[in-house]
1. Any residue that is touching a Pro at 6+ places or on another chain (Cβ under 7 Å), touching a residue at least 12 places away in the same chain (Cβ under 8 Å) and part of a strand (DSSP E or B) - is there at least one of those in the range 56-70?
2. For the range 75-100, how many residues are over 20 Å from K21 (Cβ atoms) and in contact (Cβ under 8 Å) with a residue 60 or more places away in the chain?
3. Taking the range 1-57 as the search range and keeping residues that are of a type outside the set (A, V, I, L, M), surrounded by fewer than 15 Cβ atoms within 10 Å (Cβ to Cβ) and in contact with a helix residue (DSSP H, G or I) (Cβ under 7 Å, 6 or more places away or on another chain), which one is farthest from K77 (Cα to Cα)?
4. Consider G74 carefully, then state whether it is open to solvent by less than 90 Å² (accessible area, probe 1.4 Å) and either among the acidic types (D, E) or not in a loop (DSSP other than H, G, I, E, B) (or both).
5. Has the range 77-86 got at least one residue that is in contact with a Ser or Thr (Cβ under 8 Å, 6 or more places away or on another chain) and either of a type in the set (D, E) or modelled with pLDDT under 90 (or both)?
Amino acid sequence: MAAKLRKGDKVVVLAGKDKGKTGQIESVDPKSGKAVVGGINIAIRHTRQTQNSQGGRIAKAMPIDLSNLAIVDGKGKPTRVGFREEDGKKVRFAKTTGDAI
């Protein structure tokens, strides 16, 4: 199945503790169906000091399920993603506006 959400897409969170927040996708794991969004679903990790890094409490963005994310269209509203063919290429488009993404 084609990827509806990809790295670099601007998304809004639909459910969970960060509902309503927007961010940009940093990475996607299609096998587990999760994505890491910058500034969303932050957890504190306690790390030990090493030669390479300072120890302490480090905030880290944790993966969030793809079903809890929606892409943001040109007007800033959450939308679903559809596929259509333009000039022989498969293109993603926003269902609300019909614009290509």
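1. So far as the range 56-70 goes, yes, one or more of its residues are touching a Pro at 6+ places or on another chain (Cβ under 7 Å), touching a residue at least 12 places away in the same chain (Cβ under 8 Å) and part of a strand (DSSP E or B).
2. 3
3. Per the stated criteria, the residue is G33.
4. No, not satisfied.
5. Looking through the range 77-86, none of the residues is in contact with a Ser or Thr (Cβ under 8 Å, 6 or more places away or on another chain) and either of a type in the set (D, E) or modelled with pLDDT under 90 (or both).
The values are calculated or read from the model by the stated rules, or taken from the named source; none is laboratory data. This structure is a prediction, so every number in the text was calculated from the model and none was measured. Note: ideal-geometry Cβ built from the backbone for every residue, glycine included; neighbour counts use all protein chains shown. With ligands, DNA and RNA removed, areas are computed over all heavy atoms of the protein, side chains included. Shrake-Rupley method; radii C 1.70, N 1.55, O 1.52, S 1.80 Å.
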